[in-house]
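> Please find one structure pasted underneath; my questions will follow.
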Amino acid sequence: GCLFEGNLLLLEEPEPLVVDAGPDTSVYFGGRVQMHPLVSPPDTAGRYTYLWTAEDPNTLFQQAHFPNPFVSPEVTTWLTLTVTDAQGCRASDRLLLQVRKTRTVLVPTGFSPNGDGRNDLLLVHGNSKIVERIERFRVFDRWGEMLYEALDFEVNDPLTGWDGRFRGQDMPAGVYAWVLEVSYRDGFRQTLTGHTTLIR
């Protein structure tokens with residue numbers, strides 16, 4: 001038989017690239033959440049490239065090409081992380097990011113328009129990241145007569161509110177009703193009602 005002599009080069013199979021985008025998570029509307037993916041083998045040399053994308057095109061990423069970006073979604077959406085290693089191998093995973101919508105707009109249960117600079121106006125409070133505008137704010141007495149109306153203003157406006165007066169006269173201490181029409185940044189509209197106590 002024939003005898004051959006030579007060198008044999010054995011190539012080691014690289015460890016497969018595995019990406020875990022993280023568990024499904026949630027965030028309140030108007031907020032943001034940071035991503036915490038797991039990648040194996042770890043990117044100890046900093047040679048991987050990262051790309052986060054969202055199914056909803058209006059979702060905002062702060063540094064989508066980094067492994068741990070902050071995400072600000074408007075609606076519930078799927079997020080996909082694609083990682084590419086130094087050899088060009090690519091792996092992806094996705095997670096569901098749910099948006100919770102807590103629509104909290106508040107009118108104080110009492111105010112004291114006595115000119116001391118504290119609680120002199122009946123104001124509308126809320127999260128400006130969620131609330132687009134206050135479309136209409138009205139105050140009524142116990143007989144249903146409208147005493148105050150403000151239209152189209154921003155929530156938390158320190159200058160737009162009822163001062164406890166009607167036609168130039170101080171109204172007496174007592175309970176008054178209010179009606180509020182709110183528009184939110186996601187297009188939702190809501191009418192709220194309640195009562196407040198005027199304290200003299």
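Any read-out appearing in this document is the output of simple, stated calculations on the displayed coordinates, not a laboratory observation. Every value quoted in this text rests on a predicted model; they were computed, and no experiment measured them. All Cβ positions, glycine included, derive from the backbone under ideal geometry; neighbour counts span all protein chains shown.
> Rounded to the nearest 0.05, what FRET efficiency is calculated for residue 188 and residue 106 with R0 set to 22 Å and r the Cβ-Cβ distance?
0.80
> Here is a further query. How much length is gained if the chain between residue 55 and residue 96 is pulled fully straight, taking 0.36 nm per residue apart and subtracting their Cα-Cα distance, in nm to one decimal?
Extra length from residue 55 to residue 96 when fully extended: 13.8 nm.
> Further question on the same structure: According to a simple spin-label model (label point 7 Å from Cα along Cα-to-Cβ), what is the distance in nm between residue 142 and residue 175?
0.9
> With a 10 Å Cβ neighbour count serving as the proxy for reagent exposure, in which order, fewest first, do 149, 74 appear?
149, 74
> By counting other Cβ atoms within 10 Å of each Cβ, how are 134, 199 ranked from fewest to most?
Ordered from fewest to most neighbouring Cβ atoms within 10 Å, 134, 199 come out as 199, 134.
> For the stretch 99-178, rounded, prolate or oblate, judged on the Cα gyration tensor with a ≥ b ≥ c (square roots of eigenvalues), a/c < 1.5 rounded, else prolate if a/b > b/c?
Since a/c reaches 1.5 and a/b is larger than b/c, the shape of the stretch 99-178 is classed as prolate.
> Please state the shape class of the stretch 44-139: rounded when a/c is under 1.5, otherwise prolate if a/b exceeds b/c and oblate if not, all from the C-alpha gyration tensor.
Taking the square roots of the gyration eigenvalues as a ≥ b ≥ c, the stretch 44-139 is prolate.
> I'd like the Karplus ³J(HN,Hα) series for the stretch 131-145: coefficients 6.51, -1.76, 1.60, θ = phi - 60°, whole numbers in Hz, and an x wherever there's a Gly or Pro.
8, 7, 8, 8, 6, 7, 9, 10, 10, 10, 8, 5, 9, x, 7
> If amide hydrogens are placed 1.01 Å from N in the peptide plane, which non-local residues have theirs closer than 5 Å to the one on residue 136?
152, 181
> Provide 178, 143 in ascending order of the number of other Cβ atoms located within 10 Å of each residue's Cβ, fewest first.
143, 178
> How high is the relative contact order of the chain, in percent, counting Cα pairs under 8 Å that sit 6 or more residues apart?
17
> In the P(r) worked out for the chain, what percent of Cα pairs fall beyond 26 Å?
Cα-Cα pairs in the chain separated by more than 26 Å: 56 percent.
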